[in-house]
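I have placed the structure first, in the form of structure tokens, so that the comments after it can refer back to it.
The values are calculated or read from the model by the stated rules, or taken from the named source; none is laboratory data. Quantities reported herein were computed from a predicted structural model and do not represent experimental measurements. Reconstructed Cβ throughout: ideal geometry from the backbone, glycine too, with neighbour counts over all protein chains shown.
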Amino acid sequence: MLIGGVLAAGIFAGGMDRLRHWVADTELPPLIVATGTEVVDRNGKLLRAYQVADGRWRLAVNVAEVDPRFISMLIAFEDKRFYRHQGLDLWAMSRAAFQAAWNGRMVSGGSTLTMQVARLLEDGTTGKWAGKIRQIRVALAMEQQLSKREILKLYLQTAPYGGNLEGVRAASLAYFNKPPHRLTPAETALLVALPQAPERRRPDRHLDAAGEGRDRVLARMVAKGILPKDEAIAAQSDALPHHRAVFPAIAPHLADHAINLFPLRQKVNLTIDADLQKDLEKLARDAMVNKDPATSLALMVADHETGEVLASIGSPAYQQGKARGFIDMTQALRSPGSTLKPLIYGLAFDRGLAHPETLIEDRPTAFGTYLPQNFDNQFRGTVRVRNALQLSLNIPVVSILDRLGPARLMQSISRTGGKPVVPGGQAGLAVGLGGLGMSLADLMRVYGTLARGGTAMGLQYFGDEPTSETTRVLAASAAWQVGDILAGAARPASAADRQIAYKTGTSYGHRDAWSLGYDGQHVVGVWMGRPDGTPVPGAFGGELAAPVLFQVFDHLKVAPMPPPPAETLIVANADLPPPLQWFRDGKSLDQNALIGPAIAFPPDGSLLDLAGGELISKVRDGQAPFTWLINGSPIVSNANSRQIQVTAPEEGFVSLSVIDRNGMSAKAQFRLK
């Protein structure tokens, strides 16, 4: 008797040892499943989801991201001893075998959730013994390597829900248009029932079968005390989904760019505001009604305080066609037309070459062989710089650029973060009127720089993108003066009366219509034209793009413009220092006058330890008398001496300018400590 017991125990022990080796030697399928990338907005709302390689909708989800009641109902219905068994529930399998023998057919299944995951990972079958044994072996091996939570996560990501839907997140979005952490009892019951017969119970095809499966789960939950009876009865009366919702495709161009940039991420967070993006996508589509089908539109909205892009629309329709909707026109190089004029004037204000009230000539002028004309081929004689910018006159701004030098303009665009492209690589005066290539995103950076007081605005598209370093492009007073001028420009007839600084532009041959503007918080850009670059007869920025710009601001909470910086010189022309009263274009100056002044001290880029003390400044060359300015505000006028001594500003960066009697200027930037 004793010997027999020992033999039996030995046989059992040997069998268990072989079983352990059998499980340990199991070659497991990959335990990480591929899931489609999700692109979400600043608040976590889904903008766009992508299918996995075989065209299935399978999205990543964690147990914590699913309604806890779904987990409870799933385990109670499918595998009530899930947390106690090691992958195989012998009692459940014995019961299933007995019921099948008694009834002559399969009445209940004996598969655990772990076995179901094993089958799903290997795309196996349940009807053959070889397949069942393989599932048992994989399930036992999985339980040795994974936690219960990890196994449950695999089920949540791979369970079939009909058609090409896999996983509870994809199913919840497709059938209920919401994530799985917000499910109702009726929705939860349906999603528990579907994987048992995903094709026969698809609610979009077999509504009655779906309802029967859902109600069966609800009844079981009442019997197990998981769901109150009255709540289950109410859930049975809930309507079933008749169709699958279309997965969102909001901000498609930017979403495509995101997954190309971050191909290994499961989720990419954009700074986009989904609600604003959807509203403006509709606005873009409406704006193109009754327009030439070959034309397109692009627009952007950014918070210029942070640089975060709140909306980005590359085309009104993300599709093939004459308008080439798959091209993201926010990034396409186009001629900016007149949209760089505000930056040119800002640079002139910054360097002390001009003031908004400075008088300037609008008359036929030759700049070597370059003979620019105004858009309407008319000339207005002597005008204020303020009016020259508001009327977008060409001759005055080219005169200003001639004095600044095209290289300085190109350098300033680059300092904003823009990447201008000049045909032939050599910038001439034509760049001031659009003779270069820039994208809408580039121009957003330029106008964002003006909007935020002259410091560069780096565009931020991604939620985890580091903030770019601040680069000063213009003095704060110069940037404010530009904004003050643009805020006084005439509005489109349909625009609401709001304080918005804006500028329009039309490229040569009517190929591009532009409008860019900003308030105290937002910067907005609009482009319209043909992606292939062919002309759009009669297209003007003021008529096409400007109304759309103001419609965009209708969707924003317009913020007031900031007050002028303390150093801003706000006076009439007669009260300006003499060199600023009239802009001289250099055409009538004698040869001696062509040598402009240069600041000999302090050196440009220096660091001086005399904040609040006495600052000595020296100028060489140029013609006396001289006018000196600090941060755009005159401090000494009509000085015949080439050296001045003034009280230095407090600690920080200082912009020092000097203007001679002929209006020629020099500038040095340094830091005081």
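Listed conditions (1) aliphatic (A, V, I, L, M); (2) farther than 11 Å from Ile500 by Cβ; (3) buried (at least 19 other Cβ atoms within 10 Å of the Cβ) are all met by Ile570, apart from (3). Reported count of residues in segment 605-625, each being in a loop (DSSP other than H, G, I, E, B) and surrounded by 12 or more Cβ atoms within 10 Å (Cβ to Cβ), is 8. Residues of segment 267-286 that are within 16 Å of Gly525 (Cα to Cα), aliphatic (A, V, I, L, M) and either assigned to a loop (DSSP other than H, G, I, E, B) or touching a strand residue (DSSP E or B) at 6+ places or on another chain (Cβ under 6 Å) (or both): Ile272, Leu276, Leu280, Ala284. For the residues Ala441, Ala493, the requirement of being in the same structural domain as Trp514 (by TED's automatic domain parsing) and in a loop (DSSP other than H, G, I, E, B) singles out Ala493. Within segment 52-70, being surrounded by fewer than 16 Cβ atoms within 10 Å (Cβ to Cβ) and either in contact (Cβ under 8 Å) with a residue 40 or more places away in the chain or over 29 Å from Ile133 (Cα atoms) (or both) holds for Ala53, Gly55, Asn62, Val63, Ala64, Glu65, Pro68. The conditions of being within 27 Å of Ser655 (Cα to Cα) and within 34 Å of the chain's Cα centre (by Cα) are not met by Leu353.
Every listed requirement among (1) among the polar types (S, T, N, Q); (2) surrounded by 18 or more Cβ atoms within 10 Å (Cβ to Cβ); (3) part of a loop (DSSP other than H, G, I, E, B) is met by Thr534 save one, (2).
Exactly one residue out of Arg661, Arg671, Arg642 is surrounded by fewer than 16 Cβ atoms within 10 Å (Cβ to Cβ) and in contact with a Gly (Cβ under 9 Å, 6 or more places away or on another chain): that is Arg671.
The residue that is farthest from the chain's Cα centre (by Cα), among those in segment 515-546 that are over 15 Å from Pro293 (Cβ atoms) and β-branched (Val, Ile, Thr), is Val526. Tell me, please, whether a residue that is surrounded by 15 or more Cβ atoms within 10 Å (Cβ to Cβ), over 23 Å from Gly44 (Cβ atoms) and not assigned by TED's automatic domain parsing to the domain that holds Leu47 can be found in segment 268-286. Yes; the residues of segment 268-286 include at least one that is surrounded by 15 or more Cβ atoms within 10 Å (Cβ to Cβ), over 23 Å from Gly44 (Cβ atoms) and not assigned by TED's automatic domain parsing to the domain that holds Leu47.
The condition of being in contact with a Gly (Cβ under 8 Å, 6 or more places away or on another chain), aliphatic (A, V, I, L, M) and assigned to a loop (DSSP other than H, G, I, E, B) holds for only one of Leu264, Leu227, Leu240, that being Leu240. Number of residues in segment 266-297 that are under 25 Å from Arg169 (Cα atoms) and of a type in the set (S, T, N, Q) equals 4. Taken across segment 59-75, residues that are over 24 Å from Glu187 (Cβ atoms), basic (Lys, Arg) and modelled with pLDDT of 95 or more do not occur at all.
Restricting to segment 351-373, count the residues that are out of contact with any strand residue (DSSP E or B) (no Cβ under 7 Å at 6 or more places or on another chain) and modelled with pLDDT under 95. The total comes to 10.
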